[in-house]
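Asks: Once you've had a glance at the structure underneath, I'll fire off some questions.
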Amino acid sequence: MRKIIIVVSILMFGICELNAQKTIYYLVRHAEKDTSVAGATMMQANPALSEKGIQRSARLASLLEKEHIDYIFSTNYIRTQSTAAPLANKIGKEIQFYEINKGTVFSDAIQQMPYLGKTLLIVGHSNTIPPLVNTLIKTNKYQNLSDNEYGFIYKVTIESGQIKDTVMMY
């Protein structure tokens with residue numbers, strides 16, 4: 001009986017430790033895209049970043065390089081990859097891709113091991129990042145961004161069941 005109590009105690013301690021871990025999510029919309037390319041403003045377009053967008057992605061990298069980012073996620077578009085790339089290069093992390101149309105699957109995945117207790121950067125789009133933030137904070141607080149809104153960093157911190165969200169500009 002004593003061995004069972006010890007095993008249960010160890011398991012409970014492990015669960016408490018897991019719940020006490022701090023998980024931090026940084027979520028950003030891609031930087032400014034080059035709209036001078038024909039069709040660049042259409043949803044199916046895949047334009048590169050503009051010069052302003054390249055500068056903004058460099059600022060993002062400078063801002064987050066000391067935040068101990070463990071994982072970097074991006075959709076498989078040129079503008080999102082290009083927004084994440086300067087940071088990935090600075091800190092030596094590989095960009096992992098996720099699919100836009102599988103938002104619930106992705107949001108569920110990043111809230112489980114091996115991502116618990118880690119710091120993640122997620123780069124997406126004007127209509128995917130706010131809903132993902134809402135899912136993480138469990139409330140409908142943020143609306144989709146307009147096409148000309150850039151530079152928001154949503155930070156979601158989850159620790160011991162407590163959720164805190166902030167928005168910064170870069």
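Values quoted throughout were computed directly from the atomic coordinates according to the rules given, and no laboratory measurement underlies them. Here the structure is a predicted model, which is why all the values come from computation and not from measurement. Ideal geometry is used to build each Cβ from the backbone, glycine not excepted, and the neighbour counts take in all protein chains shown.
Asks: At 7 Å along Cα-to-Cβ for each site, give me the label-to-label distance between Gln143 and Thr157 in nm.
Replies: Each label point is offset 7 Å from its Cα along the Cβ direction, giving 2.9 nm.
Asks: Let me ask you something else. Quote the Stokes-Einstein diffusion coefficient, in whole µm² s⁻¹, for segment 82-121, based on the Kirkwood radius over alpha carbon pairs, a temperature of 25 °C and a viscosity of 0.890 mPa s.
Replies: 213 µm²/s
Asks: Around Ile153, which amide H atoms from residues at least 5 apart in sequence, or from another chain, sit under 5 Å from its own amide H, with H modelled in the peptide plane?
Replies: For Ile153, the qualifying residues are Met168, Met169, Tyr170.
Asks: Can you give the local net charge around Gly151? Use residues other than it whose beta-carbon is closer than 11 angstrom to its beta-carbon, Lys and Arg +1, Asp and Glu -1.
Replies: With Lys, Arg at +1 and Asp, Glu at -1, the neighbours total +2.
Asks: Just need the Rg to Rh number for segment 28-133, please, alpha carbons only, Kirkwood Rh.
Replies: Working: Rg = 13.7 Å, Rh = 14.1 Å.
My calculation of the ratio gives 0.97.
Asks: Further, regarding this structure: Suppose each label sits 7 Å from its Cα in the direction of the beta carbon; what would the Arg59-Ser126 distance come out to in nanometres?
Replies: Here the modelled spin labels are 1.8 nm apart.
Asks: With a sphere of radius 12 Å drawn around the Cβ of Lys33, what net charge do the other residues whose Cβ falls strictly inside it have (Lys, Arg +1; Asp, Glu -1)?
Replies: On the way: positive: Arg29, Lys52, Arg56, Arg79; negative: Glu32, Asp34, Glu51, Asp147.
Every neighbour counted, the sum reads 0.
Asks: Now for a separate question. For segment 100-142, what's the radius of gyration and Dmax over Cα atoms, in angstrom?
Replies: Here Rg and the maximum Cα pair distance are 10.3, 27 Å.
Asks: Taking 7 Å along the Cα-to-C-beta vector as the label spot, tell me the Asn46-Gln111 distance in nanometres, rounded to one decimal.
Replies: It works out to 3.1 nm between the two label points.
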